[in-house]
Amino acid sequence: MKKIVLSLVCGLLISNFVFAQTSLKIVYINSAVLLQAMPEREKADTVLSKYAKSFQDQIDMMMKEYQSKGQQYQANEKTMTDAMKEVKMKEIQDLQNRIESTQQSAQEKVQQKKQDVYGPIIEKVNKAIKAVAEEKKYDYIFDMASGGTIVFGKEEYDVTPIVKAKLGIK
């Protein structure tokens, strides 16, 4: 008798679990498509591009100076004293170190600027996604663009168009 009751309880628990699993509303989105369609993205790209170019121009000038000093050193090396060679090599090495330091600093600053410029856009997209999830009563929304790794998804479960509409994007 105990076995029958235990079997019934287990059966009920399993059926409740299966029923709960089938009532979940799971959909997916492609945030990369959304971000690409955002009108604000073009302005953000332009701002970021100009910002990065200012650093690249500075680095290019430094590289020209580095090449020029290297060529001058090679051209005049035979006529220089050992002390002068040492001074010129130190200048060239210092310039190379400054270039490397500037490149690293530029990468960090451009990355920070990217976060600053794209942050509000991403926040707007995330708010729209959450609003759609609440309106449509979705339990989960996976993002195909950010490593959600959905191998297959029926188009009917793709809520990208709904979120685009929420954002006023075609």
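Peptides 91-100, 158-167, ordered by how many other C-beta atoms sit within 10 Å of their residues on average, highest first, read 158-167, 91-100. By a straight-distance test (C-alpha under 23 Å), which lysines pair with LYS53 as possible cross-link partners, with residues fewer than eight away in the same chain excluded? The reachable lysines, counting only those whose Cα sits under 23 Å from LYS53, are LYS43, LYS64, LYS109, LYS113, LYS114.
Any read-out appearing in this document is the output of simple, stated calculations on the displayed coordinates, not a laboratory observation. Just so it is clear, the structure is predicted and the values come from calculations on it, not from any experiment. Cβ coordinates were reconstructed from backbone atoms using ideal geometry, including for glycine residues, and neighbour counts include every protein chain displayed.
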